[in-house]
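The values are calculated or read from the model by the stated rules, or taken from the named source; none is laboratory data. Here the structure is a predicted model, which is why all the values come from computation and not from measurement. Positions of Cβ are generated from backbone atoms using ideal geometry, with glycine treated the same way; all protein chains shown enter the neighbour counts. To get the accessible areas, we keep the full protein, side chains included, count just its heavy atoms, and leave off ligands, DNA and RNA. Shrake-Rupley method; radii C 1.70, N 1.55, O 1.52, S 1.80 Å.
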Amino acid sequence: HLAIKKSKLSTTISKSSQHTLHTCLSIICHLIWGFHPVFSRYLQVEAGVNGLVMLAATQWASMPFVLYFMYFIDTKSNQNNYEQVQNDSGNQKKLWGKKVLCIFGFGLLMLLRESSSVISCNYTAAYNIQMISQLGPFVMALLSRVFLSEHIPMTLWCSLLFSTIGIQLVVISQSNLLNNNNNDNNGSSEVSGGLTKSDIIGMFMQFVSTLFSSFARLIVQISSDVVTRGGLIFIQNVSIGVSLTIFTCLFYLSEWKVWTTISAIDWVGFWLFICSVWIVGDLLQMACIRWLGSAEHATYQPLRIISTLITSYLTLNETIDSFIGWIGLFILMFSISFFLIDRARRQKIIVSPINQTDK
């Protein structure tokens, strides 16, 4: 009995240490994804690279790593599961329908999502982009209610209300109302650091990108039994890389010449963007979802704002310079964290009885 107790204790400690490691990797993953709007804005504003040309180039540069992961790691880990699904001949037509929906629907939505997200970074500060993208879980929950008839908890409405208040405070902190004291003594109407039409366009485009992302996640849920996560990343890379390469060669061919003129520092930024976000970030996110589940992994999403603010200040000298703006940002992060943690808790309550009956 003592040996059995020691064995159970060591197993519990091992699982606990593994969960701690996976949690740390999940946090690192979200911090890495906070670099996305910063690098996207830097390469467009500072290096002068066309946003669509940059996006196409990043997909082609990261594709060899995605192919390696897809064929040598992701496929093997899901081989038994997919053999069981494919052997059910009665569902072959349904499976092919899901595959077609995934390949074309997911590919198109990710093309629109990434294109609108990258272009939006050219119009407004990186932290504004990251702030709007934090609304993704709310949009996803509402769409799941409409298309999948999933229950909407009361915490969603409370969190959405406070998140909206937080965003409004950040926006107001950049508006003319709170920056009139920056006008000079001659009564000039120019505003230092004020919110502009360009900022509004950028934030609106990012919200549209968030909508595309939420619809893409719906397709991921529907087609989860026919396509691996590695396959989804491959579909994303191919759809974006091929489509934007053709489009930019037809309409922005001269923009590709910019790669011959950018500085060494800009090249470093470009490859840091690829290695951190499109390789490590993408693959680490896929692994963390497999280890922790999508709900628990998403609870650390608000941390992206922190890495965005730090890197945006260091590379672009962009930051929130108003106390009200910081309060709004804190309210936004707290509201989203509250909703995501509550969602993860609810999912664990649902999953636990299932696991107990399986034992």
* Give the long-range amide H neighbours of E318: residues separated by 5 or more places, or on another chain, with amide H under 5 Å away, using H modelled in the peptide plane at 1.01 Å from N. => Y313
* Asked: Over the heavy atoms of F270, what accessible area does a 1.4 Å probe trace out, to the nearest 10 Å²?
  -> 10
* To do: From largest accessible area down, sort L253, L292; use a 1.4 Å probe on the protein chains.
  => L253, L292
* Asked: Going by a ≥ b ≥ c, the root eigenvalues of the Cα gyration tensor, does segment 253-325 fall in the rounded group (a/c under 1.5), the prolate group (a/b larger than b/c) or the oblate group?
  -> oblate
* Heavy-atom accessible area of D282 with all protein chains present, probe 1.4 Å, nearest 10 Å²? -> 10
* To do: Report the full-extension gain for the segment F251 to L101: residue separation times 0.36 nm, less the Cα-Cα distance, to one decimal in nm.
  => 51.1 nm
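Go through V146, V171 and list them by solvent-accessible area, largest first, probe radius 1.4 Å.
Of V146, V171, the descending order of accessible area is V146, V171.
Answer rounded, prolate or oblate for segment 214-303, using the Cα gyration tensor with square roots of eigenvalues a ≥ b ≥ c: rounded when a/c is under 1.5, else prolate when a/b is larger than b/c, else oblate.
Working: a/c = 3.00, a/b = 1.61, b/c = 1.87.
The shape class here is oblate.
Tell me the net charge near M140. Cut-off is 14 Å between Cβ atoms, M140 excluded, with +1 for each Lys or Arg and -1 for each Asp or Glu.
Numbers: positive: R113, R145, R217, R343; negative: E150.
Every neighbour counted, the sum reads +3.
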* Based on the Cβ-Cβ distance from W291 to R345, what FRET efficiency comes out when R0 is 22 Å, to the nearest 0.05? -> 0.75
* Asked: How much accessible surface area, in Å² rounded to 10, belongs to the heavy atoms of Y313 with a 1.4 Å probe?
  -> 120
